[in-house]
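Throughout, read-outs are computed from the coordinates displayed, never taken from laboratory work. These figures come from a predicted structure and were not determined experimentally. We place every Cβ from the backbone using ideal geometry, glycine too, and count neighbours over all the protein chains shown.
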Amino acid sequence: KDGKVRVWNNDLEPLNSFDISAVLQQDVIVKSIDQRQGRILVGTHSSAILDLDQDTGEAQVVIEGHMGGPVEAVACHPTKPLYASGGSDRVLRLWNLVDKVVWKKK
């Protein structure tokens, strides 16, 4: 509820903390994350999905994608620039991370 994404190691020791509230310019509640290849995808309560670079701490809004409701889950493809998101709108979306568009909607 504080607008921060925290990274922990396997021993539950804190490694880093990223404040993403300035990106959306509003209070941020992080609902879900997935981490791949130095990047973290963050799903928020306000329907935004952010792409966070772990090295630089830079975050950008990838898409606003679930009809104004919370993004409850995000998952990255292990090798391709695709990810899935699920929201309180009860829709599963597959996104192309390069073009930032819906790839498929189920």
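Look through segment 50-77, keep the residues that are of a type in the set (D, E, K, R) and farther than 18 Å from Val7 by Cβ, and return whichever of them is surrounded by the fewest Cβ atoms within 10 Å (Cβ to Cβ). Out of the qualifying residues, it is Glu64. Among all positions in segment 1-23, there is no residue which is touching a residue at least 24 places away in the same chain (Cβ under 8 Å), in contact with a helix residue (DSSP H, G or I) (Cβ under 7 Å, 6 or more places away or on another chain) and charged (D, E, K, R).
Per the conditions (1) more than 10 Å from the chain's Cα centre (by Cα); (2) part of a strand (DSSP E or B); (3) basic (Lys, Arg), the sole criterion not satisfied by Lys31 is (1). The residues in segment 78-99 that are exposed (fewer than 14 other Cβ atoms within 10 Å of the Cβ) and touching a residue at least 24 places away in the same chain (Cβ under 8 Å) can be counted, and the count is 1.
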